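Take a look at the structure below.
The values are calculated or read from the model by the stated rules, or taken from the named source; none is laboratory data. None of these values were measured; they are calculated from a predicted model. FYI the Cβ positions are ideal-geometry reconstructions off the backbone, even for glycines, and counts take in every protein chain you see.
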Amino acid sequence: MSTIREDNGGSASMFASLLVDDAEAQRRLHARLVASATAEGILDVAYHAIDTPIGSLLLAATDQGLVRVAFGSEDRESVLSMLAERISPRVLNAPGRLDAAAREIDEYFEGRRNSFDVPLDFRLAQGFRRAVLTHLLEIPYGDTASYASVAARSGKPKAARAVGSACATNPIPVVVPCHRVVRSDGTLGGYGGGPQVKEILLDLEAHHD
């Protein structure tokens, strides 16, 4: 009986070893694929997930800059499918392109950074929504602005509701600070990552301003 247990244990160990070897081989193959795609200029969208105090964030970048930040509450496969459809099907998990963005986001949550320097790619936002996003970058760290005031800055003073829609569909949250836009009465308003995340971000900035 003990011989059978030993045989099963040996088989299990061998199987586990094969799995480890296979995973390592896949990792090396993927690394070569990323390097080759980068060298040939055909890595159109790179993505990488990072852990933060507000949960996992999926970062995606083109050769022009950071194009998408997705909250953990968003379906990852849907986000990647959207990137493949709207930008390019050549999408790969390639952390190297996201190193700078990941580092700056880490520094932000550590209270050591109050603005971002990474280049941004706004191609997922068009028209008035894109104009709104550019004005969001003007709201100082630790400060807030009302939907109505952002509408006025964007050239459409009566478009507060449209500003809310632009903030709700902001493809690069956290970095493009739609969390700094609140209602005229001072209440938080909506947020793509949820009201609790919005409150966490505003509290973080209030304590490190």
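Note on the stretch 66-98: residues that are more than 20 Å from GLY192 (Cβ to Cβ) and in a loop (DSSP other than H, G, I, E, B) amount to 4. Being within 20 Å of CYS178 (Cβ to Cβ) and out of contact with any strand residue (DSSP E or B) (no Cβ under 8 Å at 6 or more places or on another chain) is a condition met by no residue of the stretch 54-70. Beta carbons closer than 8 Å, at least 6 apart along the sequence or on distinct chains, pair a first residue in the stretch 145-160 that is in contact (Cβ under 8 Å) with a residue 40 or more places away in the chain with a second that is part of a helix (DSSP H, G or I) and surrounded by fewer than 17 Cβ atoms within 10 Å (Cβ to Cβ) for TYR147/ARG161.
Is it true that some residue in the stretch 108-125 is over 28 Å from LEU43 (Cα atoms), β-branched (Val, Ile, Thr) and outside the structural domain of PRO53 (by TED's automatic domain parsing)? For the stretch 108-125, residues over 28 Å from LEU43 (Cα atoms), β-branched (Val, Ile, Thr) and outside the structural domain of PRO53 (by TED's automatic domain parsing): absent.
From the list PHE116, PHE128, the one residue that fits, being aromatic (Phe, Trp, Tyr), buried (at least 20 other Cβ atoms within 10 Å of the Cβ) and either within 26 Å of SER88 (Cβ to Cβ) or in contact with a strand residue (DSSP E or B) (Cβ under 6 Å, 6 or more places away or on another chain) (or both), is PHE116.
If you check ALA102 against the conditions, is it surrounded by 14 or more Cβ atoms within 10 Å (Cβ to Cβ), at pLDDT 95 or above and either hydroxyl-bearing (Ser, Thr, Tyr) or not in a loop (DSSP other than H, G, I, E, B) (or both)? Spelling it out, ALA102 is indeed surrounded by 14 or more Cβ atoms within 10 Å (Cβ to Cβ), at pLDDT 95 or above and either hydroxyl-bearing (Ser, Thr, Tyr) or not in a loop (DSSP other than H, G, I, E, B) (or both). Checked against (1) assigned to a helix (DSSP H, G or I); (2) at pLDDT 95 or above, PRO140 meets all criteria but (1).
Looking across the stretch 169-204, the residues that are touching a helix residue (DSSP H, G or I) at 6+ places or on another chain (Cβ under 8 Å), of a type in the set (A, V, I, L, M, F, W, C) and not in a loop (DSSP other than H, G, I, E, B) come down to CYS178, VAL181, VAL182, VAL197, LEU201, LEU202, LEU204.
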